[in-house]
Amino acid sequence: MLTCKRKVMMSKKLHILLLILSLSIFVAKAQKMIGTETDAQKQQRMKWWTDSRFGMFIHWGLYAGAARHEWVKHNEALSNEQYQKYFDEFNPDMFEPQKWAKQAKAAGMKYAVLTSKHHEGFCLFDSKFTDYKATNTQAKRDLIKEYVDAFKAQGMKVGFYYSLLDWHHPDYVMDDIHPLTQKDKSEANYERLNKGRDMAKYRQYMRNQITELLTHYGKIDILWLDFSFPNKKDPKRGKGKDEWGSVELLKLIRKLQPGIIVDNRLNLEEYKDGADFETPEQVSTKELAKYRGKTWETCQTFSGSWGYYRDENTWKTHRQLLDLLITSTSNGGNLILNVGPTGRGEFDYRATNALDSMAYWMHANSKAIYNCTYAPDSYAVPEGTKLTYNAATKKLYVHLFTYPVDGKLTLPGYNGKIKYSELLNDHSEVINKPSTANEGDLIVTLPKKKPLYEIPVIELDLQ
Ligand code: GLC
């Protein structure tokens, strides 16, 4: 009996010891730093970005011509030779980035991120280190330069997406994602394909290209590196920080553009400053609540893929897009919405319609998005609504996802907390009165006819 008790006690002690040990490892890990920036300095550096809340992602490359997913080379296991036709045919005769920039700005987006190179390896910019670039296509020019100039001219911040993966480069060694391993994942095939390939040379290629991107186009605000897929069981089948040389790469980036904001896909999770923001991809609005308190941006497509996909018909509705934007803001994060321009270099009619619908809503309601975040806990969320909050102006925004049929909205426990209430779209007063049924509640009387916005917003001036 006694020995049994002792055993239990000993194992409890062991458990506690182990817990303390793993906790201290966790703390040590969390504190590991690449640079020296403090939390306050980081917050300051990122302020324009967190205030913006809304950006435009643009995925554009040779895959726009295939028009069936930017991963087409992987999905169909195509060789460089088989893929070559998309390079030969690339002829964006309608490319006018000034139009893109104007559409983005009208939609209320404050920044843009364009694929300078996607996984296919093709570069939209005039890189000295490859021939696989826009200047050698029928476009005959540096398309990145025109993008940067156009977006800057509209007063927008500019960013580059750069793929760490490269399915065209001759030194890029095989992994489980490479198009050439899709039909045969045997060791023998990897060995055969890897002959003459040298990842160290590819790492240098990336450093060279990132140097070009961060020195030839003036100030660059965001760098969106994509992505890591380390494989613990069989490292040579995946890629992560060691294959990319992530630490050195990040140091280089910060040296070349000290103010730049970098995403979290370099596989540097063990460092406190290994990333500036998290990137939940294509998650549902329900999932966004768990990111509260972090710095994050959810990236979302209008339809299923990132690159132009002609026959993809599952486009998100205006309401779904608005929900993403409002729910991101109401959980303290950003939304970057993606457009995949066509092979001619235009936003197609579906993308244009979606952007126009956002422009219509943002024109009237953007104050409930910019500089906003989640509401203090002391404000309960009224039924059928979501809240956003501007701490600097002390305004609370009630987004009416369900418009009350009788025009009466109950604000639970709000009595005494509100100075004034109005509709945001036209600044027309909506009268609020204490509830007679429930002490502490306020009842707002809204127009019987719902204002012509999918999700109207009430602005509350807080006491
Ligand atoms: C994924 C995909 C890619 C897309 C990106 C955007 O990692 O590989 O096609 O560019 O997400 O978040």
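No value in this document is a laboratory result; all are computed from the given coordinates. Owing to the predicted nature of the structure, the values given are computational and were not obtained by experimental measurement. Positions of Cβ are generated from backbone atoms using ideal geometry, with glycine treated the same way; all protein chains shown enter the neighbour counts.
Key figures
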{"quantity": "Ranked list, fewest to most other Cβ atoms within 10 Å of each Cβ, for Tyr63, Tyr397", "calculated": "Tyr397, Tyr63"}
{"quantity": "Gyration tensor (Cα) of the stretch 36-91, equivalent ellipsoid semi-axes in angstrom", "calculated": "40, 14, 10"}
{"quantity": "Straight-distance crosslink candidates among lysines, where the alpha carbon sits under 23 Å from Lys183 and sequence neighbours closer than 8 are dropped", "calculated": "Lys73, Lys85, Lys195, Lys232, Lys233, Lys236, Lys239"}
{"quantity": "Span-like helix ranges in the chain, DSSP H, alpha carbon extent 27 angstrom or more, Kyte mean at least 0.5", "calculated": "2-31"}
{"quantity": "Order of Ile369, Ile336 under a 10 Å beta carbon neighbour criterion, fewest first", "calculated": "Ile336, Ile369"}
{"quantity": "The chain, helix-only ellipticity at 222 nm - DSSP H runs n ≥ 4, -39,500 (n - 2.57), divided by all residues, nearest 500", "calculated": "-10000 deg cm²/dmol"}
{"quantity": "Surrounding net charge for Asn331, when Lys and Arg each add one and Asp and Glu each subtract one, Cβ distance under 14 Å", "calculated": "+1"}
{"quantity": "Residues Asp461, Asp166, Asp377, sorted so that the one with the fewest Cβ neighbours within 10 Å comes first", "calculated": "Asp377, Asp461, Asp166"}
{"quantity": "By average C-beta atoms within 10 angstrom, highest first, the peptides 430-436, 343-349", "calculated": "343-349, 430-436"}
{"quantity": "Within the chain: Cβ-based charge dipole about Cα centre, in debye rounded to nearest 20 (Lys, Arg +1; Asp, Glu -1)", "calculated": "1520"}
